[in-house]
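One structure is given below, encoded as structure tokens.
All of the numbers you see were taken from the coordinates with simple rules; none came from a lab. The shown structure was predicted, so the numbers you read here are calculated from the model rather than taken from an experiment. Neighbour counts run over all protein chains shown; Cβ positions are idealised from the backbone, glycine included.
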Amino acid sequence: GINSGMLFQSKQAVFRGIALCMLILSSLTSAANAQKGASSLEEAETRGSHPLRHRTIFMPRDPDQEIRQISQSPQVPNVLDAESREALGIPPQLLDEAEDWAEPEEECLDCETFVPLIAHKSASASTTWLPGSGDDLGIFTLALSETAEFPRWEGFTVTPYFGVHYLDGPVRTDLPARVYDTSVAFRWFNKVNEKWSYELEVAPGVYSDFKNVTSDSLRITGKGLAYYVHSRSKQFVLGVVYLDREDIMLLPAAGMIMWFSEGSRLELIFPKPKFTYRVEKDESKERWLYVAGEFGGGSWGIRRGAAGTDDIVTYSDLRLMGGVETKHTNGMISQFEIGYVFSRKLEYKSDVGNYDISPTGMLRYQLTF
């Protein structure tokens, strides 16, 4: 009663605080963006027909299409992802401006172009399997998401997400057969200047067995990250990831991204480090290999047993995996991961039925289009 009401009010306060920060940052940067636009227009007029020179850098031109770690449940937001790049890559805005690569004759300063209010950016479907039976909890997950962008508000995206987890066991406690993830993520990325960029994301959602749909199942995840370009091959990331879970509410996010060449990258970022290496590139596709670590799990509101008691269950684990991603020129991306899952725990808010789970393997596949 009282505790649930206080929890709901605290989540509302977090949501409002993040929204207020986004509004303030938008106001502070709008004037700078307008001034930058005017300066770019003046430069374009004075450049005339002089050809522009290509500036060689280590970072790929379109890192949003580069190797991306497969997304988990929204309860574990990626520190760098396709919509952060739900992806792991450097935000495209950190690279050189498009005018540094375009030919002057392609510019059209006075053209009146129709700009749609909303447009499809990407969609993905994924499946994850953690084998198990008996008291070794097995989990089979299916997930779908769609990301829409708003061209009139550059950097703003909305991503609805739905996932279902089929639970195999354990026999020693009364877990439901299925739990669900439903959420909508609102993300905003903004470039302040050539060195600094930031992104904010808030994702309200309901995580439940759809029998206990109360404040126990309402969770608001999010993240706030700042990016600093130190050099053409080194960048830094600093911020926080808000999980809103029963076991962990908040995680710091910090580290650096290093490019050794255009085909290899190291992301020394807590809580999701990763190393990627390109092994194949031709006219139709690119293929990358990677090794990574991540923190998995989530919290769900459930109804337990014949008595119908409402409770909150939290599953957590640590994961080490290797993966391969194949990116096709038509925009389709397929990803496959195999991994080892350990430090597995199942805990209830009531503390009735808590226990440690044996390690297991993991298979995961995702298709993005």
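If Lys and Arg each add +1 and Asp and Glu each add -1, what is the summed charge of the other residues whose beta carbon sits under 9 Å from the beta carbon of VAL324?
-1
Anything over 32 Å Cα to Cα? Flag those among LYS191/LYS285; LYS211/LYS327; LYS195/LYS272; LYS121/LYS349; LYS223/LYS281, in the order listed.
LYS211/LYS327; LYS121/LYS349; LYS223/LYS281
With a ≥ b ≥ c the root eigenvalues of the C-alpha gyration tensor of the stretch 219-369, is it rounded (a/c under 1.5), prolate (a/b larger than b/c) or oblate?
prolate
log10 I(q)/I(0), Debye, Cα-only the stretch 313-369, no solvent, q = 0.12, 0.17, 0.19 Å⁻¹?
The calculated log intensity ratios at q = 0.12, 0.17, 0.19 Å⁻¹ are -0.45, -0.66, -0.73.
Compute the signed sum of charges (Lys and Arg +1, Asp and Glu -1) over the other residues within less than 9 Å, Cβ to Cβ, of GLY169.
-2
Rg/Rh for the stretch 161-254: what does it come to with C-alpha atoms and Rh from Kirkwood?
Rg/Rh for the stretch 161-254 comes to 1.14.
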